[in-house]
Structure formats: structure tokens, C-alpha cells
């Protein structure tokens, strides 16, 4: 699930003259953990991560108290998986995979996978607000990174954004991010700056709670797939996020509201199906149920996925392009057996 986008290339070209590339691992420098390289990097430098699983835990002060993470970024660096690499950050023993504090949009996180955080009990226990306590990426203290081509799988909350209310610059940009099969929300936005959090071409699929939860924050959600999440697709509280050209389909399947159908939009949001390019139709992922490793690309034909070139300007809706043919629907809406299959691991 890794791509090198034009946006990433533009970002690399924007790196200041004299920027240094620090590789992980680096035997000569004694670098084995990503945090060691990050600590050596100056603003504009590139931390380039080679294939491997990284799970070294470190402790940091945050506005939420002292927290553990595999990596903390607090300056405008580039944190990149090497092209063609298989980089996995495993935070099973830490609250966060990547903790981001007080950086601008010039900080870039790209081309890697985050797993872990599975200790939460599927959102069923009051664990002191677990929306904040375990996440693949946590952005706090006016953190506004650019996050592209990142997959967050089998964790708790995918991305937490709890930055500064009223600050113009605390608004991360998320592009081509996949959050799948988490035990809490896909993306949880709890306050941010005056500028909206940008969620563009992302895929939020099969998470236990909300696909996207915007609480007192500001977001622009476009060309994104928000499907098959256990509770609501997009939920807003004291907020009215902009939603355009998204497929918000068959959410609210853990505790469905009998007689009302899937709760794709909830809270302060009316049903936006058919408005501003939004649709609610079977997505036809290449492999939704995991028989071939959970593949959220979409079908080119037999049938053609509505995601394929269905977004604004003809882009494919969601983080991943259309690559397969002959897909079968993962669900039959009238089949309880199909519903149970959605949550079978």
C-alpha cells in the first residue's frame, strides 16, 4: 500500500539546500531506532527508513501528560519510508506509533505502515477516554504535519488530532491515508485551528466505532471512502465539516438502528447522499474480508467500483487506486451471516 506521490516529490524538492539525509538503520552512526535519527535531524532534514519493523519505545511529555511512543516529531523534518521499502512501526507496547507536537505543514510523514495498539477492548470499556489514549498517529500542541501514503491497521484510533483551538496553523493535511480494522475511531478530530483539517483521498474502513469523528473542530473531507465502520460513518459534534465526493456506505453495522438503515452521517450532519458529489454504494474492494491479506484497492471491472474515477476531477475515491477485476460484494445486506463475516478475524 505504498506510493510516491507528486505531493511527496514536491515536498522533497522543497527541502532546503544543505538538508541532510539520515538513514535508519545506520551501522556507522550506531542508529537502530527511528527516534535516534529524529533526534539528530534539524528542520528540513530527511529521516529515511529502510525496510523492517520498528518497536523501540520512548517516553515524552505532552499536553495530555507523559506518553509513550515509537517516534516523536517536534520539528519540521521529513520522516519517510524508503521507496520500495516495507516499513512497519509497531506500537503494541506504546500509546502512540508517531507522536507529533508543534510542527508546521512542512513536517512530512510518508510511505509507512503503523500497527498495534490492540489492547483496547473494542471501545466497550470506559478507559479514561480511549479516543486519546491509543492511536497510530497523535497530533497535539499546534501540530500541523502533512501525512501521505500511510496505512494504519489493526490498532486503536487511527489518527488523533487535538491541537490548538483558535490557532490558524494547527490543521494537519491527510492524503491517501488508510485506517482499517481499528478498535476505535478511524480519525478523531477534537479541536483544531481556524484552518480546517484536510482529509483528501483517504480510506476509513472496518473500524469498530466512527469512521471520522469531528468534535468541536473543523475539517474538509473529500474524495474519501468511509465504509463498513461499526458505528457511524461521519459523526459531528459542535461542528459542521465540509464533505464532498465521498462514498459513505453501510456504516453502523455493530449496533444498527432497526428501521432507519445504516447511520452514514450522524450528530449535526444530515444525510448528504446525493449532495455535493457524495454517494453511498457498495465499494467493491479487491479483498475486504482478508482472504488475500485485506486489499482496499478497488475494481476496474466486473463490476466497476463506483470509486474508480468517481471523485471530483475524475480521481479515484479513496487512498488506493483501481487495480483488480472480478470483485465480489463483501456483503449481502439481508444476510446476518454476512454481517458477522465483517467482524470475523
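Only the coordinates and a few stated rules stand behind these numbers; no lab work does. What you are looking at is a predicted structure, and each value in this text was computed from that prediction instead of being measured. Note that we place each Cβ from the backbone using ideal geometry, even for glycine, and neighbour counts take in every protein chain shown.
What the table below lists for this structure:
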quantity	calculated
Residue 271 versus residue 301: modelled label distance in nm, points set 7 Å from Cα along the beta carbon direction	3.5
Relative contact order, percent, region 169-319 [alpha-carbon distance under 8 Å, six or more residues apart]	19
Per residue, the convex hull volume that the Cα atoms of region 138-233 enclose (Å³)	67
Share antiparallel - DSSP beta bridges, region 6-283, percent rounded to 5	5
Extent along principal axes [Cα atoms of region 6-283; Å; largest to smallest]	64, 36, 36
Neighbour-count order for 301, 56, fewest beta carbons within 10 angstrom listed first	301, 56
Per-residue Cβ neighbour rank within 10 angstrom, fewest leading, 113, 240, 227	240, 113, 227
Förster radius 25 Å - calculated FRET efficiency between residue 328 and residue 86 (Cβ-Cβ, nearest 0.05)	0.35
Difference of contour (0.36 nm per residue) and Cα-Cα distance, residue 39 to residue 292	87.2 nm
Cβ-based exposure ranking for 181, 162, in which fewest neighbours within 10 Å come first	181, 162
